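Scroll down for the structure; my scribbles are underneath it.
The values are calculated or read from the model by the stated rules, or taken from the named source; none is laboratory data. In this text, all values refer to a predicted model and were calculated from it rather than measured experimentally. Cβ: placed from backbone, ideal geometry, glycine included. Neighbour counts: every protein chain shown. Please note that ligands, DNA and RNA were not included when accessible areas were found on the heavy atoms of the full protein model with its side chains. Shrake-Rupley method; radii C 1.70, N 1.55, O 1.52, S 1.80 Å.
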Amino acid sequence: MKTPNIKDLILKWRLILIKMNMSIRLDDLFSKKQKNILNIYCTAGYPQLDSTITVMKALQENGADIIELGMPYSDPVADGPVIQHSNMIALHNGMTIEKLFQQLQGFRQEIYVPVLLMGYMNPVMQYGFERFCQHAASLAIDGFIIPDLPIYEFETEYSPFISKYGLSFVFLVTPETSEQRIRKIDELTTGFIYAVSSSSTTGKDTSFKAQEGYFERLQNMKLKHPVLVGFGIRDRETFTAACSHANGAIIGSAYIKALEQSGDIEKTTKEFLSRIV
C-alpha cells in the first residue's frame with residue numbers, strides 16, 4: 001500500500017479547513033442576520049492600483065456585511081457606465097487577476113466579512129478556471145459572481161471545480177426569469193440569489209413600485225437561499241425599499257461614483273455608508 005505523501009496530506013487538510021471557514025462566514029451571516037444585509041461592490045485597483053485593501057477595510061469598518069470585489073474587465077456587459085469607467089481606470093492602473101491575488105495575500109488578517117469576486121469568464125479562462133478557483137480558495141475568498149457563465153456550462157464543466165475548492169457561486173435572476181429557472185438556480189446557487197431589479201445595466205435608476213410584482217413573486221416562492229436585490233440601489237430610501245422585499249441589497253455604482261469624486265477613501269466610505277444604514 002502506497003504511503004500518502006506528507007505534502008499531499010497537508011494540502012488536503014488545508015483545503016478542508018479553508019472550506020469550513022468559507023462556509024462558516026456566509027452561513028454565520030445569513031443565520032445571524034436575515035434582513036437588511038448590505039453588500040457593497042468595489043472595483044479592484046480603483047481608484048488607485050494599491051487602493052484595494054484600503055477600500056475593503058473602510059467598507060468593513062463602516063457596516064458592509066459582504067464585499068463584492070470586482071475584477072476589472074474591458075467589456076463588463078452587465079455593468080453601467082460608472083462601473084465600466086472604474087474598470088477602465090483599474091486596467092490602466094495595471095490591475096490583473098494575478099496582481100489582485102498578490103494584493104490579497106494575507107488579507108484575512110484584517111478582513112473578516114465574506115468576500116466574493118465578481119467578474120467575467122474571459123479573463124478567468126485566460127487565467128485558467130481551476131487555477132483561479134485554487135488560488136482564490138487558498139486566499140480564503142468565499143465565492144464568485146460570474147454573470148456570463150451559463151447554467152448549463154456551470155453544471156457540466158465548472159461546478160466540480162467550485163465544489164472541489166469549497167467556493168460559493170451566486171447566480172442572477174431578473175424579472176423575466178421563469179419560475180422553473182429560478183427554482184433551478186435556487187438548487188444550484190450556494191450563498192444567495194442576486195435578484196436584478198430590472199433588465200438594465202447597473203447604475204440605472206429603478207422604480208421599486210414598478211417591480212413589486214416581481215419581488216412578491218420571489219417572496220411567494222419560498223426559496224431556500226437568501227435573496228439580495230441589486231441594480232439601482234443608491235441611498236437609504238432605495239436600500240430600505242429593496243430590503244422590504246428581500247434579505248438585503250447590493251450597492252455598486254453609487255459607491256464607485258462617491259469614490260470618484262473624493263481622494264479620501266476612508267472619509268468618503270464612512271460618509272457614504274452613514275447615508276445608507
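Data table
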{"item": "Difference of contour (0.36 nm per residue) and Cα-Cα distance, Glu130 to Met88", "result": "12.5 nm"}
{"item": "Within straight-line cross-link reach of Lys99, aspartates and glutamates at Cα separation under 15 Å, skipping those fewer than 8 residues along the same chain", "result": "Asp50"}
{"item": "Spin-label model distance (nm) - Glu61 vs Ser31, 7 Å beyond Cα toward Cβ", "result": "3.0 nm"}
{"item": "Cα-based shape type of region 209-276, given that a ≥ b ≥ c are square roots of the gyration tensor eigenvalues and the cut on a/c is 1.5", "result": "prolate"}
{"item": "Accessible area of the chain divided out per residue, in Å², using a probe of 1.4 angstrom", "result": "47 Å²"}
{"item": "The chain, accessible surface, carbon-and-sulfur percent (1.4 angstrom probe)", "result": "51 percent"}
{"item": "Structure-derived Cα extents along the principal axes in Å - corresponding label in (i) 65, 57, 32; (ii) 56, 39, 34; (iii) 67, 46, 35", "result": "(iii)"}
{"item": "For the chain, built as a Gaussian network whose Cα springs stay under 10 Å, the top-fluctuating residue of Ser178, Ser244, Ser86", "result": "Ser178"}
{"item": "Helix-only mean residue ellipticity at 222 nm for the chain, each DSSP H run of n ≥ 4 adding -39500 (n - 2.57), per residue, nearest 500", "result": "-13500 deg cm²/dmol"}
{"item": "Nearest-0.05 FRET efficiency for Val77 and Ser178, computed from C-beta distance (R0 30 Å)", "result": "0.90"}
{"item": "Choice from Gln34, Gln219, Gln180 with maximal GNM fluctuation in the chain (Cα, 10 Å cutoff)", "result": "Gln180"}
{"item": "The chain - share of DSSP beta bridges that are antiparallel (%, nearest 5)", "result": "5 percent"}
{"item": "Accessible heavy-atom area order of Lys99, Lys270, highest first, probe of 1.4 Å", "result": "Lys270, Lys99"}
{"item": "Label point distance in nm, Glu110-Ser159, each placed 7 Å from Cα along Cα→Cβ", "result": "3.8 nm"}
{"item": "Accessible heavy-atom area order of His92, His85, His245, highest first, probe of 1.4 Å", "result": "His92, His85, His245"}
{"item": "Over 18 Å between alpha carbons, listed pairs Lys184/Lys224; Lys32/Lys270; Lys57/Lys270", "result": "Lys32/Lys270"}
{"item": "Approximate spin-label separation Lys257-Lys224, in nm, with each point projected 7 Å along Cα-to-Cβ", "result": "3.8 nm"}
{"item": "Sequence of Arg217, Arg131 when ordered by accessible area, the most exposed leading, probe 1.4 angstrom", "result": "Arg131, Arg217"}
{"item": "Centre separation in Å (Cα based) which lies between region 20-66 and region 108-165", "result": "16 Å"}
{"item": "Leu49 accessible area, 1.4 Å probe, all protein chains in place, Å² to nearest 10", "result": "50 Å²"}
